Amino acid sequence: MFAEKKKNSSEYSKLPNHIGATTKIKGDITSQEDFRIDGHFEGNLTTTAKIVLGEKGSLDGNIKCGNAEILGKVSGDLVVDNLLSVKSTASIDGNVVTGKLAIEPGAVFNATCQMKGAQTSKHAATKTK
């Protein structure tokens with residue numbers, strides 16, 4: 001009556017990796033897939049894709065990624081190639097290097113921040129003079 005549909009590996013690769021709310025992980029992760037963290041992660045997380053840190057999620061360590069949306073707590077350095085979106089529930093303590101930055105009112109942002117896009121534009125403007 002119910003035919004079981006088997007998923008091929010390309011269907012699974014479209015799903016983000018997920019660390020659940022009651023999960024605690026310690027170690028380093030390297031991936032090319034999206035990540036969502038709702039639990040606690042201690043270590044370094046590197047991905048070319050997007051990281052979403054949920055409102056109850058926390059990360060003690062360093063992040064290097066393509067894009068990030070932070071709703072929870074980060075203690076460590078963030079290197080985001082494109083857009084770092086810091087939501088009102090977020091708390092970031094560390095150093096940030098990003099291409100673009102969006103911070104909602106209410107967010108805690110105790111970080112030094114370097115904008116890669118601004119640095120490139122400044123350098124380009126100097127060359128054209």
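The values are calculated or read from the model by the stated rules, or taken from the named source; none is laboratory data. Everything numeric here is computed off the predicted structure, so don't read it as measured data. Cβ placement follows ideal geometry from the backbone for every residue including glycine, while neighbour counts extend to all protein chains displayed.
Quick grid of which residues meet (1) of a type in the set (Ser, Thr, Tyr); (2) outside any strand (DSSP E or B); (3) at pLDDT 95 or above:
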{"residue": "VAL80", "(1), (2), (3)": "no, no, yes"}
{"residue": "THR89", "(1), (2), (3)": "yes, yes, yes"}
{"residue": "ASN95", "(1), (2), (3)": "no, no, yes"}
{"residue": "THR98", "(1), (2), (3)": "yes, no, yes"}
{"residue": "ALA102", "(1), (2), (3)": "no, no, yes"}
{"residue": "ASN110", "(1), (2), (3)": "no, no, yes"}
{"residue": "SER121", "(1), (2), (3)": "yes, yes, no"}
{"residue": "THR126", "(1), (2), (3)": "yes, yes, no"}
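Does ILE29 fit the bill of being over 12 Å from the mean Cα position of the chain (by Cα) and of a type in the set (A, V, I, L, M)? Taking the combined requirement at face value, the residue satisfies it.
Among the residues of segment 34-53, at least one is within 12 Å of the chain's Cα centre (by Cα), assigned to a strand (DSSP E or B) and closer than 19 Å to ASN110 by Cβ.
Restricting to segment 96-110, what's the tally of residues that are closer than 12 Å to VAL79 by Cα and small (Gly, Ala, Ser)? The qualifying residues number 1.
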